[in-house]
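One structure is given below, encoded as C-alpha cells.
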Amino acid sequence: MTMPSRIKIVEVGPRDGLQNESSPVSVAEKINLINLLCESGLQAIETGSFVSPRHVPQMADSAEVYAGLNKDNGVTYQVLVPNQRGYTDAQAAGVKEIAVFAAVTETFSQKNIGCSIDESIKRFIEITGNALQHGIKVRGYLSCVLGCPYEGEVSPDVVARLTQQLLEAGCYEVSLGDTIGIGTAGSTAMLLQCLHRHKIDPAQLAMHCHDTYGQAISNVLVALQHGVATIDASVSGLGGCPFAPGASGNVATEDVVYMLNGLGIEHGVDLPRLIKAGSYISAVLKRDTQSSVARALAAKPC
Ligand code: HMG
Ligand code: MG
C-alpha cells in the first residue's frame, strides 16, 4: 500500500502527557502550552479529560483549561469522556469533540474505567448517540491493542471486533493504543493486516504509540505503510497512563514531524515552533525533553 500524502497529527500531550505527572501544572501553564502547540500549526489537540478527580487529579481542571482556550483559530480541541457524568460535564463546558475510551482486555477495562468491556461499549453507544444528536463529534480509543500489562498478549481479532463496534456506535475514527509501548514493527503490521482482513478502512484508524521499548517511531512508520493517516503524538514525548504500570511517554511529536519531513509527507506543523512548545513544558516540569529530535537540534552547533 502507498503511504498517505498528508498526515493529521493529534497532539495528546496536554492530556496523555500531563495526566501522569506528579508535579502540578497550573491551568495557566496548560493554556500556555496549548497556545504554543496551536502556534506550531497543530490542528487537533487533546486538552484534558472529564474523568473522576479521585482517579486522575491531574485532569480535574479540564473545564477551566477548556474555558481559557482560543476557539477562533480553527483548531479542534478534544477531551476524554469515560461515562455519562463526564459527557454531561463536557457538554456543559461547551466542547465540540469528545473521545470515548475502551480497552481490549477485561482487567485493563476494570482498572481504567471500572467496568467490563461490554458495559463500556454499551455506555459508549449511548454517549455517542447523544453526542452526535447535539452536534458533538466522537473519537474512539482502544487501549492495549498490542499487549496488556495485566493479561499479556491480545488477539488482533478482538481488536478488530471492538474497533468495528466503536465505528458502528458512531465514532468517526478509532485510535489504536499501544498503551504500554510493547508493540514491534512485526506485531503492528500483523494487527493492521488483521483489521484490513476485517474490512476496516485505514482512513478510520489512528495509531497511538507509547515508546516504552523504543519502538514507537518504527511502529508509526508501519502504520503509515498500512495507510493509516492519523497519528497521535505527544510534544516532548510526555505521557503515560496511571493504570498501566511501567508505561512511558507517547512517541514525541517532534520525532514524528521530523520523520514525516524526511518522507516528504505533508503535516502542517512547523518544527521549530513545536520545539518551542516542548521546551516550554519541559521547563515547567523541570525535566529534559524525551524527543530525540529536540535534543539533537538543541545540541547542533549553529
Ligand atoms: P468510579 O469510582 O467507579 O465511579 O469511577 P462511580 O460511578 O462509582 O462514582 C464515584 C464518584 O465519582 C461519584 O462521586 C461520582 O459522581 C464521581 P461521589 O458520589 O462519590 O461524590 N464521578 C465523576 N466525577 C467526575 N467526572 C466523572 C465522574 N464519574 C463519576 N466523569 C470512572 C469510574 C470511569 C469515573 C473512573 O474510573 C475514571 O475516572 N476513570 C478514568 C481513568 C483515566 O482517565 N485513565 C487515563 C486515560 S485512558 C489512557 O490514558 C489510554 C489512552 O491514552 C490510549 C492508550 O494509550 O492506550 C486513551
Ligand atoms: Mg496513551
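Measure off, as a whole percent, the carbon and sulfur share of the 1.4 Å-probe accessible area of the range 9-82, all protein chains present. Show your work: numbers first, answer last.
Numbers: 1320 of 2650 Å².
Accessible surface attributable to carbon and sulfur in the range 9-82 totals 50 percent.
How would you rank 82-92, 273-283, highest first, on the average number of other Cβ atoms within 10 Å across their residues? It would help to have the intermediate numbers written out before the result.
On the way: 82-92: 17.9, 273-283: 20.7.
Those peptides, ordered most packed to least, come out 273-283, 82-92.
How high is the FRET efficiency between Lys300 and Lys276 when r is their beta carbon distance and R₀ equals 25 Å, given to the nearest 0.05?
Numbers: r = 16 Å, r/R0 = 0.63.
It comes out at approximately 0.95.
Accessible area per residue of the range 8-299 at 1.4 Å probe, in Å²?
On the way: 11470 Å² over 292 residues.
Computed with neighbouring chains in place, this is 39 Å² per residue.
How many angstrom lie between the C-alpha centres of the range 114-133 and the range 183-253?
Each part reduced to its Cα centre gives a spacing of 24 Å.
Over the Cα atoms of the range 61-153, what Rg and Dmax result, in angstrom?
14.5, 44
In the range 1-153, what percentage of the DSSP-assigned beta bridges are antiparallel, given to the nearest 5?
Values: 1 of 18 bridges.
So the antiparallel bridges in the range 1-153 amount to around 5 percent.
Bin width 10 Å, origin at 0, all Cα-Cα pairs of the range 240-295: what percent of pairs per bin?
Cα pair-distance distribution for the range 240-295, in percent: 22, 46, 26, 6.
May I ask for the equivalent-ellipsoid semi-axes of the range 102-236, computed as the square root of five times each C-alpha gyration tensor eigenvalue and listed largest first in whole Å? Before the final figure, lay out the partial values.
Values: eigenvalues 102, 60, 38 Å².
So the equivalent ellipsoid measures 23, 17, 14 Å along its semi-axes.
Please report the antiparallel percentage of DSSP beta bridges with both residues in the chain, rounded to the nearest 5. Could the numbers behind the result be given before it?
Working: 2 of 35 bridges.
Rounded to the nearest five, the antiparallel share is 5 percent.
For the range 200-265, count all C-alpha to C-alpha pairs, find those more than 19 Å apart, and express that count as a whole percent of the total. Spell out each step's value before the answer.
Numbers: 661 of 2145 pairs.
Distances greater than 19 Å cover 31 percent of the Cα pairs.
What residues from the range 146-179 fall in the zone where the backbone N is under 19 Å from a label point 7 Å along the Cα-to-C-beta line of His134?
Answer for this model: 169-172.
For the range 209-215, in order, what is each residue's ³J(HN,Hα) by Karplus, 6.51 cos²θ - 1.76 cosθ + 1.60 with θ = phi - 60°, in whole Hz (x at glycine and Pro)?
10, 9, 10, 3, 9, x, 9
Mind listing the phi-derived Karplus ³J(HN,Hα) values for the range 94-100, rounded to whole Hz, using 6.51, -1.76 and 1.60 with θ = phi - 60°, and x for any glycine or proline?
x, 5, 9, 8, 10, 10, 9
Give me the distance in nm between label points sitting 7 Å out from Cα along the Cα-to-Cβ direction at Lys122 and Asn70, one decimal.
4.5 nm
Based on the Kirkwood radius over alpha-carbon pairs, what value in µm²/s does the Stokes-Einstein equation return for the translational diffusion coefficient of the range 8-299 at 10 °C and 1.306 mPa s?
Working: Rh = 18.6 Å.
After rounding, the answer is 85 µm²/s.
Apply the Karplus parameterisation 6.51 cos²θ - 1.76 cosθ + 1.60, with θ equal to phi minus 60°, to every residue of the range 64-71 and state each ³J(HN,Hα) to the nearest whole Hz, in sequence, with x for glycine and proline.
Ordered by residue, 3J(HN,Hα) equals 5, 4, 4, 4, x, 8, 6, 9 Hz.
The values are calculated or read from the model by the stated rules, or taken from the named source; none is laboratory data. Because the structure is a prediction, the values reported are computed rather than measured. Reconstructed Cβ throughout: ideal geometry from the backbone, glycine too, with neighbour counts over all protein chains shown. Note: accessible area is taken over every heavy atom of the protein model, side chains too, but ligands, DNA and RNA are not part of it. Shrake-Rupley method; radii C 1.70, N 1.55, O 1.52, S 1.80 Å.
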